[in-house]
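First comes the structure, then the notes that go with it.
The values are calculated or read from the model by the stated rules, or taken from the named source; none is laboratory data. Worth saying up front: this structure is predicted, and the values here are computed from it rather than measured. Don't worry about glycine lacking a Cβ; one is built from the backbone with ideal geometry, like all the others, and counts go over all protein chains shown. Keep in mind that these areas ignore ligands, DNA and RNA; they rest on the heavy atoms of the full protein, side chains included. Shrake-Rupley method; radii C 1.70, N 1.55, O 1.52, S 1.80 Å.
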Amino acid sequence: MRPFTYERATSAEDALNRHNGDAYYLGGGTNLVDLMRLGVETPARVVDVAHLPYDQVQLNPDGGVLVGAAVTNSALAADRTVREGHPMLAQAVLAGASGQIRNLATVGGNLLQRTRCSYFQDIAKPCNKRDPGTGCPAIEGEHHNLAILGHSQACVATHPSDMAVALAALDALVHIKRRAGARVVPIEGFYRLPGDAPERDTVLEPGDLITAVEVPPLGMPSRYRKVRERASFAFALVSIAAALDVADGRVRDVRLALGGVAHKPWRARRAEDALRGGPATADAFRRAADAELAEAEPLRDNAYKVPLARNLIVQTLTELAEAAT
């Protein structure tokens, strides 16, 4: 690990003032420190923001919640308001990492974790995300767990967060402080597809500080399900965050987001549009899944993700529909 300067911010304003372009913010450090050990990230300065007063989950008057960026993943999953009002968010958090890591990892840091693509994590290999312009060897190399949707010739990496998939289905809002003032960004617009600039995971500018995530009320049954290669401490092959409102056998509303398939949490808007107002049946769910996955462009070794995602959508929605009746 290369030498770096460690500083602890005393306020959001202090953190912004300490970030002059060469610093990294540190939450729990469960991803950043690993990347520093690998030599992938080499910050000259690290500004600790884990102790700022953003460690509370607050119930909003409308039934939504405001989750501070410094809330740990364990605290978020255990929060009664979250478990009762947004169960798929609690389920998604519990599906990620191990208990020890969840005890340390923060909500803000979870949103910003980097891909686990092996080429990105190996500094001896080229990688456009780590070193723009060097190429993407994953396209012809090891890619069985990489993207089938929204990728480009510059990058086929996937986003690793489980929590972010649930937040995408929940239409969450990311609260950000910056020197020019505060802004709120819908999470669907917070993450970027790779295009020709895969080194940029989000729309954050240097120095921008996440202070909270706002989760609107949901008001319908929801579920998070993750398919992985082993039972725990593994990243998703495909995951789904789903919510379904059924009345008289028809879909009144639906939310769907997929993980493990793209450079960012993939909101399945085509499938949602195909389902609203239609019958809540397995055949309808299958047609909607096919509509969403029609634009998939699997690589040589990850075409299995297409039927896996289809089956996951159908099974999860079918279970939610059966529970509703």
Quick check on my filter: what residues within region 258-280 are farther than 23 Å from D301 by Cα and in a strand (DSSP E or B)? R267, P279
In region 148-181, which residues are modelled with pLDDT of 95 or more and small (G, A, S)? G150, S152, A154, A157, S161, A164, A166, A168, A169, A172
Considering V82, V40, V47, which residue is open to solvent by less than 30 Å² (accessible area, probe 1.4 Å) and assigned to a helix (DSSP H, G or I)? V82
Can A236 be described as assigned to a loop (DSSP other than H, G, I, E, B), touching a strand residue (DSSP E or B) at 6+ places or on another chain (Cβ under 6 Å) and among the hydrophobic types (A, V, I, L, M, F, W, C)? yes
Within region 8-37, track down each residue that is open to solvent by less than 40 Å² (accessible area, probe 1.4 Å) and part of a strand (DSSP E or B). A23, L26
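To keep it simple, each residue is scored yes or no on (1) among the charged types (D, E, K, R); (2) surrounded by 17 or more Cβ atoms within 10 Å (Cβ to Cβ).
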site	(1), (2)
A289	no, yes
E292	yes, yes
R300	yes, no
A303	no, no
N311	no, no
T316	no, yes
E319	yes, no
By residue number, the members of region 1-25 that are of a type in the set (A, V, I, L, M, F, W, C) and closer than 17 Å to K177 by Cβ are A9, A12, A15, L16, A23
In region 37-59, what residues are of a type in the set (S, T, N, Q) and farther than 30 Å from C127 by Cα? Q56, Q58
